[in-house]
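Enquirer: My questions will all concern the structure given below.
The values are calculated or read from the model by the stated rules, or taken from the named source; none is laboratory data. The structure presented is a predicted model; accordingly, all values stated were derived computationally and were not measured. No Cβ is skipped: glycine too gets one built from the backbone with ideal geometry, and neighbour counts run over all protein chains shown.
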Amino acid sequence: MYIYKILRAPEWADLEQNGESLGAPIDLEDGYIHFSTAEQAQETAAKHFSDVEGLKLLAFDPKVYGTDLKWEVSRGDALFPHLYRKLTLMGLAWVRDLPLENGTHIFPEDME
């Protein structure tokens, strides 16, 4: 099972270039890195990235984070993965474009 991070193109470029990031503006505001499960990612995109083009979807292996990753109640009383440290490329399984078609982001069919 992977956990997923949605980043705008400049945020991904920063992570890719520097090897670490404090995350997106919402991550900085909340003090942790927001991740989603496969089931939560589409709703996250619709809620926080509506009509944003050029997004990247990053899949991470949650096992590499140990106790820095906490599953906490959030939207709709569901458990969401939150990372309490910098986001790095460690555990990154893949990165894919998240195209926007007719106002909806198109997610890969093979998300687990």
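Enquirer: What pairs can you find where one residue is in segment 7-24 and in contact (Cβ under 8 Å) with a residue 12 or more places away in the chain, the other is β-branched (Val, Ile, Thr), and their Cβ atoms are less than 6 Å apart, with a gap of 6+ or different chains?
Expert: Note: pairs meeting the criteria are Glu20/Thr88; Gly23/Ile33.
Yes/no per residue for (1) out of contact with any Ser or Thr (no Cβ under 9 Å at 6 or more places or on another chain); (2) surrounded by 14 or more Cβ atoms within 10 Å (Cβ to Cβ):
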residue	(1), (2)
Pro62	yes, yes
Trp71	yes, yes
Phe80	no, yes
Trp94	yes, no
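Enquirer: Another question about this same structure. With the requirement that a residue be more than 21 Å from Pro25 (Cβ to Cβ), among the aliphatic types (A, V, I, L, M) and not in a strand (DSSP E or B), what does segment 54-112 give you?
Expert: Val64, Ala78, Met90, Ile106, Met111
Enquirer: Okay, next question. For residues that are out of contact with any Phe, Trp or Tyr (no Cβ under 8 Å at 6 or more places or on another chain) and at pLDDT 95 or above, tally how many sit in segment 34-52.
Expert: 0
Enquirer: More than 22 Å from Asn102 (Cβ to Cβ), hydroxyl-bearing (Ser, Thr, Tyr) and surrounded by fewer than 19 Cβ atoms within 10 Å (Cβ to Cβ): does that describe Thr37?
Expert: Considered against the rule, which asks whether it is more than 22 Å from Asn102 (Cβ to Cβ), hydroxyl-bearing (Ser, Thr, Tyr) and surrounded by fewer than 19 Cβ atoms within 10 Å (Cβ to Cβ), Thr37 comes out as no.
Enquirer: Could you grab me the full set of residues in segment 3-45 that are of a type outside the set (Lys, Arg) and part of a strand (DSSP E or B)? Steps first, answer last, please.
Expert: Just the residues of segment 3-45 that are of a type outside the set (Lys, Arg), to begin with: 3-4, 6-7, 9-45.
Within segment 3-45, Ile3, Tyr4, Ile6, Leu7, Glu20, Ser21, Ile33, His34, Ser36 qualify.
Enquirer: OK, next. Would you mention how many residues in segment 100-112 are without any contact (Cβ under 8 Å) to a residue 12 or more places away in the chain and either surrounded by 11 or more Cβ atoms within 10 Å (Cβ to Cβ) or among the aliphatic types (A, V, I, L, M) (or both)?
Expert: 1
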